[in-house]
Amino acid sequence: TTSVASPAPAPAPCASPECTNETHQRLACPKCIQLGLTPTYFCSQDCFKANYGVHKARHAVAKQALNLGRSIPSSTPTHRKTPPRDGVSCAITESPAMKLSLPAWGQSYGFTGTLRPALYSPRRSVPPNIRKPDYATHPAGVSQSEQRDRASNNAIRIYTSKELDGPNGEGGGLRHACQMGREVLDVAGKALRPGVTTDEIDRVVHEATIERDCYPSPLNYYNFPKSVCTSVNEVICHGIPDYREIQDGDIVNIDVSTYNKQGYHGDLNETFCVGNVDPEGRKVVKTSFDCLSAAMAKVRPGTLYRDLGTVIHKTAQKNRCSVVRTYCGHGIGSLFHTAPNVPHYHKNKAKGTMKEGHVFTIEPMINLGTPSDATWGDNWTAVTTDGKRSAQFEHTLLVTKNGFEILTARENEPVMQWNPDLINR
């Protein structure tokens, strides 16, 4: 792809993130012009080509918006004071029928189970005083720091006590970000009950995160539209909170991630049993807890990251459950996702050996049926292909001299202990 020159009297900064040159020639991206976007200018053809991989994400977002717009019938009545429908969201003041209607992409989608999405509320705002990760304001939600890390870094970061506890050892470091995530998940879990919408859980998470002077890490990460992931029944992960009410008998995973003012992420999740959950539902929830607990017991300096998948596989198999292979645990800290990759399945080829100071998540997704997954038309929600239920628990862990520390642990709970009262709602 080459850029198109267009006249412009005054120089402006080049659109490439790392470039400090001015655009005296004003070479415009032709695809932006074709899609009707505000033109973006580059200082040279070489600069345009070198950064096109990141820049083209802007085109994908525009195309998605155009396609959603085309899916709304032209006869739909509108009013000049009413924001145009985007096919996926509506104001909380809309009628119940509107809020519970299928999103535009769901009209012709072949669902694998009984769960159906609803519309969701508009994006929630973040105050300007809250520190934000680099993807928070990117039009496509791209984390350029993560992309640079993937391209140039093969090492697993070792965190120092200064990074863990803040510059003066008085809090604010990575350990603080994880503690804030723990607090937010506890608040969200208390709000969960039959009749509450996952959109309401998103509001609770968003406000609790802001109250702690943190940014909700999922918000706008590659354009994820909400501040938390809520995965119900056959949803494996990355469920988008919406206006559907939680039903008696649902299992609901709440996945919280927080980014603090020192620039660190913390990540954890739990699956809750809402009301009268049947024995099979409770089995998959307990099995997912046991899988995480068994894997954590292996964490210590010298353990190979690939070996965690074997113990998770054996624990799930013993309970006649399966392990999702598509999604894995990950390094975390100053980046939301980084090395190492932590697969949860048997005979994986993950690289790396645990060392003191490594920080990463383990988050096995366990299914009642087949391990295979599919993605809804929202490009986020992962579901089981057989429609059977899935459950998950996650912690962020620090490798210590003789073992590990759960950075996202409940207060006074240094090791995982199964207590049904903590997850029953």
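The values are calculated or read from the model by the stated rules, or taken from the named source; none is laboratory data. Quick caveat, the model's predicted, so the values are computed rather than measured. When we count neighbours, we look across all protein chains shown, and the Cβ atoms used for this are built from the backbone with ideal geometry, even at glycine. The accessibility values were calculated without ligands, DNA or RNA, using every heavy atom of the protein model including side chains. Shrake-Rupley method; radii C 1.70, N 1.55, O 1.52, S 1.80 Å.
Going by the structure shown, is V299 on the phi < 0 side of the Ramachandran plot, in a strand (DSSP E or B) and either at pLDDT 95 or above or of a type in the set (S, T, N, Q) (or both)? Walk me through it before giving the result.
Numbers: on the phi < 0 side of the Ramachandran plot: yes; in a strand (DSSP E or B): no; either at pLDDT 95 or above or of a type in the set (S, T, N, Q) (or both): yes.
Against the criterion (on the phi < 0 side of the Ramachandran plot, in a strand (DSSP E or B) and either at pLDDT 95 or above or of a type in the set (S, T, N, Q) (or both)), V299 does not qualify.
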| remark: Residue count, region 184-205, condition part of a helix (DSSP H, G or I), buried (at least 21 other Cβ atoms within 10 Å of the Cβ) and over 18 Å from the mean Cα position of the chain (by Cα), comes to 0
| field | Residues satisfying the stated conditions in region 299-314, i.e. closer than 16 Å to H346 by Cα and either within 26 Å of the chain's Cα centre (by Cα) or of a type in the set (A, V, I, L, M) (or both) | value | L304, Y305, R306, D307, L308, G309, T310, V311, I312, H313
| Using beta carbons and a limit of 6 Å, which pairs, at least six apart or on different chains, have the first residue in region 194-211 and without any contact (Cβ under 8 Å) to a residue 12 or more places away in the chain and the second one among the basic types (K, R) and open to solvent by 60 Å² or more (accessible area, probe 1.4 Å)? | none
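In the set D290, D250, which member is acidic (D, E) and more than 17 Å from D199 (Cα to Cα)? Please lay out each step first, then the result.
Numbers: D250 fails: more than 17 Å from D199 (Cα to Cα).
Every option except D290 fails the conditions.
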| modelled with pLDDT of 95 or more, touching a helix residue (DSSP H, G or I) at 6+ places or on another chain (Cβ under 9 Å), under 22 Å from W376 (Cα atoms) and not small (G, A, S), is that true of P122? | no
| So which pairs qualify, if the first residue must be in region 313-339 and at positive phi, the second must be open to solvent by less than 50 Å² (accessible area, probe 1.4 Å) and of a type outside the set (S, T, Y), the Cβ gap must be under 8 Å, and the two must be at least 6 apart or on different chains? | G333/E163; G333/L174; G333/H265; G333/V359
| Filter pass, A177 being open to solvent by less than 70 Å² (accessible area, probe 1.4 Å), touching a residue at least 60 places away in the same chain (Cβ under 8 Å) and hydrophobic (A, V, I, L, M, F, W, C) | yes
| Residues being under 13 Å from L308 (Cβ atoms) and more than 22 Å from the chain's Cα centre (by Cα) - total across region 352-398 | 3
| remark: Per the list (1) assigned to a helix (DSSP H, G or I); (2) out of contact with any helix residue (DSSP H, G or I) (no Cβ under 6 Å at 6 or more places or on another chain); (3) open to solvent by 20 Å² or more (accessible area, probe 1.4 Å); (4) in contact (Cβ under 8 Å) with a residue 24 or more places away in the chain, residue check on A151 breaks on (4)
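Can you confirm whether K388 is within 20 Å of V284 (Cβ to Cβ), open to solvent by 60 Å² or more (accessible area, probe 1.4 Å) and part of a loop (DSSP other than H, G, I, E, B)? It would help to see each step written out before you state the result.
On the way: within 20 Å of V284 (Cβ to Cβ): yes; open to solvent by 60 Å² or more (accessible area, probe 1.4 Å): yes; part of a loop (DSSP other than H, G, I, E, B): yes.
Answer is yes for this residue.
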| note | R410: passes all of (1) modelled with pLDDT of 95 or more; (2) charged (D, E, K, R); (3) closer than 19 Å to L268 by Cβ but (1)
| said: If A208 meets every condition in (1) over 24 Å from M98 (Cβ atoms); (2) touching a helix residue (DSSP H, G or I) at 6+ places or on another chain (Cβ under 8 Å); (3) open to solvent by 10 Å² or more (accessible area, probe 1.4 Å) apart from one, which number is that one? | reply: (3)
| said: Need the failing condition index for Y243 against (1) more than 16 Å from the chain's Cα centre (by Cα); (2) at positive phi; (3) hydroxyl-bearing (S, T, Y), just the number. | reply: (2)
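Scan region 399-412 residue by residue and report those that are part of a strand (DSSP E or B) and open to solvent by 10 Å² or more (accessible area, probe 1.4 Å). Talk me through it step by step, then tell me what you get.
Keep residues of region 399-412 that are part of a strand (DSSP E or B), which gives 399, 404-406.
F404, E405, I406 - these are the residues of region 399-412 that are part of a strand (DSSP E or B) and open to solvent by 10 Å² or more (accessible area, probe 1.4 Å).
Given Y215, Y221, which one is of a type in the set (S, T, Y), open to solvent by 20 Å² or more (accessible area, probe 1.4 Å) and touching a helix residue (DSSP H, G or I) at 6+ places or on another chain (Cβ under 8 Å)?
Values: Y215 fails: open to solvent by 20 Å² or more (accessible area, probe 1.4 Å).
Step by step, each of Y215, Y221 is checked, and only Y221 is of a type in the set (S, T, Y), open to solvent by 20 Å² or more (accessible area, probe 1.4 Å) and touching a helix residue (DSSP H, G or I) at 6+ places or on another chain (Cβ under 8 Å).
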| Which strands (runs of 3 or more DSSP E) does region 312-384 wholly contain that include 1 or more residues that are small (G, A, S) and either open to solvent by 30 Å² or more (accessible area, probe 1.4 Å) or at pLDDT 95 or above (or both)? | 329-331, 338-342, 373-375, 382-384
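Quick check on my filter: what residues within region 271-293 are open to solvent by 10 Å² or more (accessible area, probe 1.4 Å) and either in contact (Cβ under 8 Å) with a residue 12 or more places away in the chain or touching a strand residue (DSSP E or B) at 6+ places or on another chain (Cβ under 9 Å) (or both)?
Listed by number, the residues that qualify are G275, N276, V277, D278, E280, R282, K283, K286, F289, D290, S293.
To keep it simple, each residue is scored yes or no on (1) open to solvent by 40 Å² or more (accessible area, probe 1.4 Å); (2) touching a residue at least 60 places away in the same chain (Cβ under 8 Å); (3) assigned to a loop (DSSP other than H, G, I, E, B).
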position	(1), (2), (3)
L102	yes, no, yes
G106	no, yes, no
T112	yes, yes, yes
R123	yes, yes, yes
